[in-house]
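Laboratory data are not the source of any read-out in this text; all were calculated from the coordinates shown. Here the structure is a predicted model, which means the values were calculated and not measured. With ideal geometry, Cβ positions are generated from the backbone for all residues, glycine too; neighbour counts draw on all protein chains shown.
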Amino acid sequence: MKKKERKAYRTGIVWAIVGAAVVAVFWAVARTSPEPITPERIALRTPPPLYMYGFGSHQFHLERNTVSSGQTVGGVLHGLGVAYSEIDALMEKAEGIFRPYQWRQDETYITVRSKDSAQTLLYLIYEESPSRYVLFGCHDTLYVRGVDRPVSIVRRAVAGVIEGSLYGTLDELGISAGLAVRLSEVYAWTIDFFRIQPGDRFKVIFEEKYVDDTIPIGAGRLLGAVFEHQGKPIYALYFSDTLSGFTGYFDREGKGLKKMFLKSPIEFARISSRFTMRRFHPVQKRWKAHLGTDYAAPTGTPIVTTAHGVVEKAGYTSANGNYVKVRHNGTYTTQYLHMSRFARGIRTGARVSQSQVIGYVGSTGLATGPHVCYRFWVNGRQVNALGLKLPNSEPIPQGHKAAFLRETTPILKEMNALRYPSSKE
Ligand SMILES: [Zn+2]
């Protein structure tokens, strides 16, 4: 009995040792050997699918392309295997959504093709703008759809002190060039942005637009600004009355910002010939464009510059007679022709202010009678001065005053609470 007991005891110990060894080996193997590869783990190891306009790279063959020179949308579709009859049908469906001339060199399009060996074109996406695309359904059911991507608007407030240029200062603050353009438009004639000085400062409340909450697509509305030019603060507060369509920028009292341009270069003027691309020229006796507005007035009537600026040229040509060309800023230039003579001090390079007399009506050059031909350039292109949509300069009408104050007071408060960068205060 004792012997038997001892044997059982020994057997137990052996088994215990064997068991421990087995556990140890399993444990060691489990630690060193790679985990078994399951389908889930394989999926984790391949890169996550890339999505373009909602199409995933795991399901479709996606390709981003650039329109090359001379390439038409029809040409691209045909090259991808779409029959001409289907292209015609697509273009018909595209009416009012997409115009073939929009499809230009360097624009972007995306092809969505099947993953099989046929690589059939299923969709073509034309990126009209960062916030809108056109989807061409090219397979089975043909369709064309314009899709607006959700644009979110983020409100921002900045205060800055000009060091170099306005653009440079805004850039340092991480603000798009679009806002600089907005600002210079709003203040166009109140502040000469070509003469801003280091130390001038500004506060701006504005909106920034984002597509898909992440891609900035530029400045939205400028809600309010104060620009301190040579120590003098100039406010511009946005007000829009949707019912009456009354919209513009005003100072704190609701007065319009200073007028950009006078309506005409002479007082009590009579328009004798308007801007047209085609008119019968009274002197040359042939049809040609008239890229100006003629104001008839007696010889010697003072001619004033419609906005302040620099005389780019005070000279004479056989067609223009005595003429003055004034550059107002990087955008606007005006010209005054057929003068009998220049006003005192008017020469190339002279600085002139709005309403300053620059010359006198005459009929020098190609002119039948005394008049001033007034010409207007926007970004180097001649336009009809009478057709220009210039920023509002009228005050808020009495009936809108309460609404104006209600809407602008919070903006004003927000601006006043903003601090300028402290090192520069
Ligand atoms: Zn003319």
Relative contact order (%) - criterion: Cα under 8 Å, at least six apart; region: the range 206-251: 24
5 angstrom amide H check on Arg132, placed H, neighbours 5+ away: Arg149
Residue-wise HN-Hα coupling along the range 80-86, computed from phi with Karplus coefficients 6.51, -1.76, 1.60 (Hz; x: Gly, Pro): 9, x, 8, 5, 4, 4, 6
Net charge dipole size for the range 194-273 [Lys, Arg +1 and Asp, Glu -1 on Cβ; Debye, nearest 20]: 520
Summed side-chain charge close to Val67 - residues other than Val67 whose Cβ falls under 13 Å, Lys, Arg +1, Asp, Glu -1: -2
Full-stretch length increase - Arg104, Thr276 - with 0.36 nm per residue and alpha-carbon distance subtracted: 58.9 nm
Sparse-neighbour loop sites [GluC sites (Glu not before Pro); the range 83-139; at most 16 other C-beta within 10 Å; DSSP]: Glu95, Glu107
Pairwise FRET efficiency - Thr368 versus Arg341, Cβ, R0 = 22 Å, nearest 0.05: 0.70
For the range 206-242 and the range 274-319, distance of Cα centres in Å: 38
C-alpha center-to-center spacing [the range 116-156, the range 326-371] in angstrom: 53
Amide H partners (placed H, <5 Å) of Ile303, local residues excluded: Ile358, Gly359, Tyr360, Val361
Calculated from backbone phi, Karplus (6.51, -1.76, 1.60) coupling profile of the range 337-344 in Hz, x at Gly/Pro: 10, 6, 5, 6, 7, 8, 6, 4
Low-density loop positions, chymotrypsin sites (Phe, Trp or Tyr not before Pro), the range 49-139 - DSSP coil, at most 15 other Cβ in 10 Å: Tyr53
Prolate/oblate/rounded label for the range 270-387 (Cα gyration tensor, a/c 1.5): oblate
³J(HN,Hα), Karplus 6.51/-1.76/1.60, whole Hz, each residue of the range 369-385, x for Gly, Pro: x, x, 6, 10, 9, 9, 10, 9, 10, 10, 6, x, 10, 6, 10, 7, 4
Proximal charge balance of Gly220 [Cβ under 12 Å; K/R count +1, D/E count -1]: +3
Residues whose placed amide H lies under 5 Å from that of Arg252, excluding near-sequence neighbours: Tyr235
Cα gyration tensor shape for the range 51-148, rounded if a/c is under 1.5, else prolate or oblate: rounded
Trypsin sites (Lys or Arg not before Pro) restricted to the range 112-171 and DSSP loop, no more than 16 other C-beta within 10 Å: Lys115
Length gained when the stretch Trp287-Thr317 is fully extended (0.36 nm per residue, less Cα-Cα span): 8.7 nm
Local electrostatic count, Pro150, Cβ distance below 10 Å [Lys/Arg +1, Asp/Glu -1]: -2
